[in-house]
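I have placed the structure first, in the form of structure tokens, so that the comments after it can refer back to it.
The values are calculated or read from the model by the stated rules, or taken from the named source; none is laboratory data. All of these numbers come straight from a predicted model, not from anything done at the bench. Because the Cβ atoms are built from the backbone with ideal geometry, glycine has one as well, and the counts that use them run over all protein chains shown. To get the accessible areas, we keep the full protein, side chains included, count just its heavy atoms, and leave off ligands, DNA and RNA. Shrake-Rupley method; radii C 1.70, N 1.55, O 1.52, S 1.80 Å.
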Amino acid sequence: MFKFLKEVVGGSGAGLKDLPYNIGEPYSCAWGSWLHCRGTSKDDGSAVSIFSLSGSSAQDGHLAAGRNGVKRLRTVRHPNVLSFLHSAEIETYDAGTPKVTIYIVTEPVMPLSDKIKELGLKDTQRDEYYAWGLHQIAKAVSFLNNDCKLVHGNVCLASVVVTQTLDWKLHALDVLSEFDGSNDAASGQMLQYAWLVGTQYKPMELAKSDWAAIKKSPPWAIDSWGMGCLIYELFSGTKLAKTEELRNTVSIPKSLLPDYQRLLSSMPSRRLNTSKLTESEYFQNKLVDTIHFMEILSLKDSVEKDTFFRKLPSLAEQLPRQIVLKKLLPVLASSLEFGSAAAPALTALLKMGSWLSDEEFRIKVLPSIVKLFASNDRAIRVGLLQHIDQYGESLSPQMVDEQVYPHVATGFSDTSAFLRELTLKSMLILSPKLSQRTISGSLLKHLSKLQVDEEAAIRTNTTILLGNIASHLNEGTRKRVLINAFTVRALRDTFPPARGAGIMALCATSSYYDITEVATRILPNVVVLTIDPDSDVRTKAFQAVDQFLQIAKQYYEKTNAADTTGGAGMGISSNPGNASLLGWAMSSLTLKGKPSDHAPVASASSSALTPSSSNASSAVDTPSTAPVRVSSTTDFAEHPAPFRVSSTTDFSELHVPTSPTSTDGWGEVENGIDGEHENDKDGWDDLEPLEETNPTPALANIQAAQRRPVSQPVRQASNLQPKSTRRSSKDEDDDLWGAIAAPAPKTAKALNLKPNVTDDNDPWAAIAAPAPISKAKPLSAGRGRGAKPAAPKLGAQRINRTSSSGV
């Protein structure tokens, strides 16, 4: 029976090798005869604290008190009392001498004296942290005295430890015993372990063993005296050597001095109850109020939460930095994750997270942020997208592809234009981390729909985003997407900045087009914009024409010099793609109104061009930023944007995340949007370009010219029929983007034109003006079956007569 009780109190009794924890380095101090060591779990490597107490025999008085402490620590549960994990009592032999050791495993903690030295707080921040710690210990002592009717017996600096979140916790429960003034047994129990308490920490009645006075005093009398000793040691910075030192109040804060004196009253009945201590003026400070509000957050209404979290970012800068990161940040992340915190708390969380190292941010903050993407709260979603530049770099590609993007993609089809625009903006950060399967099967389809969005700003920014992520598309996808998106959609948009963005995107991605595409698809569409009603579009068009003509000239020179062998498929530019398109892309989201100065597009020689003003649209205002030079060979990201196209809000400037292009291939595009499997294309071939209901005459002429098909040069002279008739059904299936070719011009009446033979030597014959059509009938009618005789004509007519002898 004794062995059973011993195992219940002390543990299993197994050897030290069977202890499921590794014992590490000891701390410099601990309460009483205990040894406080660092430790880790053998199962998962998590940190713990291991307290050990050794004796020469099982009947040692220290071991008996230690067993009492283990039993009390098991049963007493409070947020401010040390958490118990495991215990064991092990008997060993050292040179034939028996040795009994009690082990207690708890949550990882550090002695308070060591933690104070480590933090090194001073002045106001020190007082605020001390106030919070004393507030926690006072609640723990009040719980023992008032709720449990227990007496700790030795509250002092050594009996307090600090957790990893900087919370103060009470331990050293070896002397803990029940208190009942009508029960003598309680006094005897207290007397049994009172010898463990140092004389300097004992109140007068306990030092004299006046148990009659102790019975008549309130249950908090002894521990209130101990709280006074703790306050003295805390503020004086020295360990209490004798009771008389408590009279020295020089280091005690003035706001705490009256309560300090009441705690150390010579009359036990007049000592201050620890439950009343927390009402002291000293505990009314920013840190205590902030942490207390966070702990009872679920009891606050929405107005109080919103007000608190809006002030929290500025308040956090005034609080001790380490306390904010180790205490407030985990509480705030947990509150957001479980829904008790309001959306403005996300701003405070990210600001606090910015003070962490990259590794700590990934461990402490990022998991909570990823879980928030699944939230249905629109305010949370907006906050996540607005601040994505602060944490996007820390997201791993797998995390983005599997956990983040599926939730973000719902914003593409949201009814709020504001949320659609934020979702579009976020792709600048997320798209480099997406797999090719996700880009081809989902993202491009969403962007195709956004390029015909009802909001002109969203259409423009979609074009810019496409140019920006071109380097992350595989070669096949670029061939099908870029030219069609920029020419068929962007260059025919009725919104001038959208047309300008299309020209800039073409220039920035010029390295992805071969000479045939430049000559037959890009130049014809850009040239007509040199007469655009908007002066800025005209300026960009002229610069783009110069750039692409320079590319064509370089190709001509290389071909003549026989430097290349690749013909039409050779590389045409050393431009590094669209790596530097980000600067103007995101700034165009930030500025506001119709531009008076747009960024000129530099030619292939990177010459700076002068922008001109525009009066084409009254829907936008003149921006306040300077124009930017955009070159296919220079860095766009270093310049401000030329115009603002956002109709909803302002955005901060972002930077291009460096990520290698995915090489997964096109993927299965059957995995479309919302389970739609009927279309296996990217989406640009499903919708017609936007057209104005009643465009201006000048713009109508431009759009008509853009729709005229351009015949590409053919290599076989025998193939003379038009391109549209040459393509077979098999070719149409292979060309996923064939359906979005420029449509024929729409006219009120069908023209009765005969098919003309295309001149192989004249690639521009297809867009030449058609021959005039006459309504007069031919002079001579055919003599075939069913031919009607010509009607007689009035007036003199020439008659072909034949000689009678000429037959």
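For the range 245-317, list the helices (runs of 4 or more DSSP H) that sit wholly inside it and hold at least 2 residues that are surrounded by fewer than 20 Cβ atoms within 10 Å (Cβ to Cβ) and charged (D, E, K, R); which are they?
286-295, 302-316
Has the range 64-72 got at least one residue that is under 25 Å from residue 133 (Cβ atoms) and open to solvent by 10 Å² or more (accessible area, probe 1.4 Å)?
Checked against the condition, which is being under 25 Å from residue 133 (Cβ atoms) and open to solvent by 10 Å² or more (accessible area, probe 1.4 Å), the range 64-72 yields at least one hit.
State all residues of the range 129-147 that are open to solvent by 10 Å² or more (accessible area, probe 1.4 Å) and within 47 Å of the chain's Cα centre (by Cα); if no residue qualifies, say none.
130, 135, 139, 142, 143, 147
Quickly run through the range 542-578 and pick out the residues that are under 28 Å from residue 532 (Cβ atoms) and either modelled with pLDDT under 85 or hydrophobic (A, V, I, L, M, F, W, C) (or both).
Matches in the range 542-578: 542, 544, 545, 548, 549, 551, 552, 572, 573, 575, 577, 578.
Just to confirm my filter: which helices (runs of 4 or more DSSP H) fall fully inside the range 395-499 and include at least 3 residues that are open to solvent by less than 10 Å² (accessible area, probe 1.4 Å)?
417-430, 444-450, 456-468, 475-483
Return the only residue of 367, 320, 313, 397 being touching a residue at least 60 places away in the same chain (Cβ under 8 Å) and within 27 Å of residue 287 (Cα to Cα).
Answer to the selection: 320.
What are the residues in the range 142-183 that are in contact (Cβ under 8 Å) with a residue 40 or more places away in the chain and assigned to a helix (DSSP H, G or I), if any?
142, 143, 144, 145, 146, 157, 158, 159
What do you reckon, is residue 151 more than 20 Å from residue 51 (Cα to Cα), open to solvent by less than 50 Å² (accessible area, probe 1.4 Å), over 39 Å from the mean Cα position of the chain (by Cα) and β-branched (Val, Ile, Thr)?
Against the criterion (more than 20 Å from residue 51 (Cα to Cα), open to solvent by less than 50 Å² (accessible area, probe 1.4 Å), over 39 Å from the mean Cα position of the chain (by Cα) and β-branched (Val, Ile, Thr)), residue 151 qualifies.
Per-residue answers, yes or no, for (1) closer than 25 Å to residue 61 by Cα; (2) modelled with pLDDT under 90:
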| site | (1), (2) |
| --- | --- |
| 139 | no, no |
| 144 | yes, no |
| 150 | yes, no |
| 153 | yes, yes |
| 156 | yes, no |
| 163 | no, no |
| 169 | no, no |
| 173 | yes, no |
| 182 | no, yes |
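Would you mind listing the helices (runs of 4 or more DSSP H) fully within the range 323-374 where at least 1 residues are aromatic (Phe, Trp, Tyr), over 15 Å from residue 310 (Cβ atoms) and in contact with a helix residue (DSSP H, G or I) (Cβ under 9 Å, 6 or more places away or on another chain)?
Helices (runs of 4 or more DSSP H) meeting the threshold: 358-364.
In the range 199-216, what residues are modelled with pLDDT under 90 and not in a helix (DSSP H, G or I)?
208, 209, 210
Out of the residues in the range 1-55 meeting the condition of being touching a Leu at 6+ places or on another chain (Cβ under 6 Å) and either acidic (Asp, Glu) or at pLDDT 90 or above (or both), tell me which one is nearest to residue 103 (Cα to Cα).
If we take residues in the range 1-55 being touching a Leu at 6+ places or on another chain (Cβ under 6 Å) and either acidic (Asp, Glu) or at pLDDT 90 or above (or both), then 52 is nearest to residue 103 (Cα to Cα).
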